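Okay, so here's the structure we're looking at.
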Amino acid sequence: MSTGTTAERLELSDVQGLVVRGYGKLPCAAYVLLHAPEPDGLRRLTRWAVGRVTAGDDSPTDRAVNVAVTADGIRALTGWTDLPDGFSEPFRTGMDTEYRNRILGDTGSNDPRGWLWGRAATQPLHLMVLLYARDAAILAADVEEVRSQARAGGVRVQRVLTTDELRDRDAFGFKDGVSQPTIAGVSDGADPPEALLPGEFVLGYRNEYGQRSERPLLRAAEDPTKLLVRDRSGAPDLGRNGTYLVVRQLRQDVEGFWGWVRQAAGDDEAKGEHLAARIVGRWPSGAPLALAPTADDPALGDVNDFGYHDVDPIGLRCPVGAHVRRVNPRDSLPPRPGTDASLRGVRPHRLVRRGRTYTDGDERGLYFLALNANLARQFEFIQHGWLNGNAFTTLDDPDDPLVGARMHGPSSFTVPGQPVRRRYRDLPQFVQVRGGAYLFLPGLRALQFLAAGPRTGSDQHTRGSDA
Ligand code: HEM
C-alpha cells in the first residue's frame, strides 16, 4: 500500500452493497429517477426504501435495492438551504453547470440542453432507486412497487432507466467490467499489495494520501438521537460509509463506430478488428493488447495483472492513446514511466465502475455508473484530464478515440509503428451524452438520518475535515 498504512476494515453492514459488488447474479436492473414536489412525500418514500436497502454484507440472490440522493434531494429531505461544506463542491453544485459542462466535455452534441434527464434547468432529480433482480418478473414487480410508493406520497417518477439483461459485452461488442480496483479492508485476511485504501471509495476512511476523505460533519445538536456515528472530534458523521455515484447515459453509435473502422482499414475485416481493438486497448474477448498484440486470445479475456512499460513502452502493441491506457496508464505514466512514482501517480485516479448496457428503441448505449470518494480527483480528473485531454501524457491526440467528446476540434488517433507510425484523422464522435447526475450513496444510518426529516439547528453545520 502506497502510504504504508494498514487498511481499516470497512463497516460492510452500513455500506450500500453496490460499493462492494456489481450484483452479477442479478442480471436485470432498472434505475428509477424521482422528483418530489413536496418534501414530505420524499421523506416517506425514503423511509420506505431504508428498510429495503441491500448492505455490503448481504449476498442477495433474488433482488437488491440501493438508494442514491442528489444535492437537491438532501436539501428537500433535511430542509437545509445550504449543504454542509464537507459535501464536495461538484456534488453540491451538480453535474450541469457552465463550468462542469466545459470540463466534462458536455458541449456541442453532448450539451445538456439535449439531455433526456438531469438538466439543471428542468425539474430537479431528487432520488434514484437502483433495483437489481434475478429475473425480469421480479424487476417489473419491484419497479411497480416503487411507482406505487411514489404515487402514494405525490412523488413523480421522472424516468425509469431499464438496462439490458446483464452481459459482459458493451454495445460495440467488447468485454467490459474486467478491470476494477481492489478495495482494501473488504475481505478478511491480508489485502493484495495493489489494493487501494478504502478512503478512495468510501467516506470516513483513510485514503491513498493517508487522510480521511473530506466529508459532511454535523453539529451534535443536529443529531440528538445519535443516529450517526461520531467522528473523533465528536461530530456526527453524515458521510461515513457513503460515497459519490456518477451516472451518465452514454449513447453508442454502433454503426458509426464499425463503419468508420471498416473504412479506415480499407474494408479489410481483420485489419478493422485490429484497429478497433487498438482504439479500446483490449480485443473483443477482453484480451489486453499489451499481452496479445497481433490477434485476439480469449484465454486472456479476464487478465488484468499486466503493465505497459516493460512490454510496450511506446505503444507498439497497445497505442498510448487507447481507451484503457488513457483511463488507467498503470505503470506507464510520464514523466517517470516504469517506476513506483508512475504507479503511485495513478492510484488516486481510480473508479469502481458499475455500469450496464441499455437498448431503448433504436438507441443503444451504456448507463455509466461509477463510485468514488472524491469526484474532482477521480471521475472529473479522468474525464477531463485523460479522456478529453492530455494531462500527464505525451500524446499528440486531443481526446479518447472511443469516448472523447471531440471538444478540441478534429480528433486524431496515433498508432505507433516501425518504421513509421500511422495517424488516423477526423474520428467522428462515437459516444454521446444523453443525461447525467452526481448523487450521494449514503451509508445506511445516514440514509435513515436523511429520511427522518428536518432537525433543530439546521444550516449551521461543522466544516468537513480532511485530516
Ligand atoms: C460508452 C462509453 C464507454 C465504453 C463503450 C467503454 C468501454 C470500455 C471497455 C471495453 C473497457 C475494457 C474492459 C475493462 O477493463 O473493464 C473499458 C475500461 C475502462 N473504462 Fe471505459 N468505456 C466507456 C466510457 C468510460 C468513461 C466515461 C470512463 C471514465 C470517465 C471510463 C473508464 C474506464 C476505466 C477506468 C476502465 C478500466 C481501465 C483499466 O483499468 O485498465 N470508460 N471501458
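Between GLN418 and ASP40, what FRET efficiency follows from the Cβ-Cβ distance if R0 is 51 Å, with the result rounded to 0.05?
After rounding to 0.05, the efficiency reads 0.15.
With the other protein chains left in place, how much accessible area per residue, in square angstrom, belongs to the chain at a 1.4 angstrom probe?
Heavy-atom accessible area per residue stands at 40 Å².
Give me the extension gain from ALA376 to THR225: residue separation times 0.36 nm, minus the current Cα-Cα distance, reported in nm with one decimal.
51.0 nm
Given only helices, namely DSSP H runs of n ≥ 4 each adding -39500 (n - 2.57), what is the per-residue ellipticity at 222 nm of the chain, to the nearest 500 deg cm²/dmol?
For the chain, the value works out to -5500 deg cm²/dmol.
In the chain, carbon and sulfur make up what percent of the accessible area (probe 1.4 Å)?
Answer for the chain: carbon and sulfur cover 48 percent of the accessible area.
Taking every alpha carbon pair in the range 96-140, what does the distance histogram look like in 10 angstrom bins from 0, in percent?
24, 33, 23, 19, 1
Taking a ≥ b ≥ c as the square roots of the Cα gyration tensor eigenvalues, with a/c under 1.5 meaning rounded and otherwise prolate when a/b beats b/c, else oblate, which class fits the range 251-434?
Note, shape of the range 251-434 comes out rounded.
For the range 130-280, which semi-axes, largest first and in whole Å, follow from the square roots of 5 times the eigenvalues of its Cα gyration tensor?
With the √(5λ) rule applied to the range 130-280, the semi-axes are 41, 27, 15 Å.
Given an 8 Å cut-off on Cα distances and at least 6 residues of separation, report the relative contact order of the range 251-434 as a percent.
20
Simple spin-label model, 7 Å along Cα-to-Cβ: ARG336 to ASP62 in nm?
Rounded to a tenth, the inter-label distance reads 5.6 nm.
Tell me, Kirkwood radius of the chain from alpha-carbon pair distances, in Å?
Hydrodynamic radius (Kirkwood, Cα pairs) of the chain is 22.9 Å.
The values are calculated or read from the model by the stated rules, or taken from the named source; none is laboratory data. Note that the coordinates shown come from a computational prediction; the quantities given were computed from them, not determined experimentally. Here Cβ is always computed from backbone atoms with ideal geometry, including for glycine, and neighbour counts include all displayed protein chains. With ligands, DNA and RNA removed, areas are computed over all heavy atoms of the protein, side chains included. Shrake-Rupley method; radii C 1.70, N 1.55, O 1.52, S 1.80 Å.
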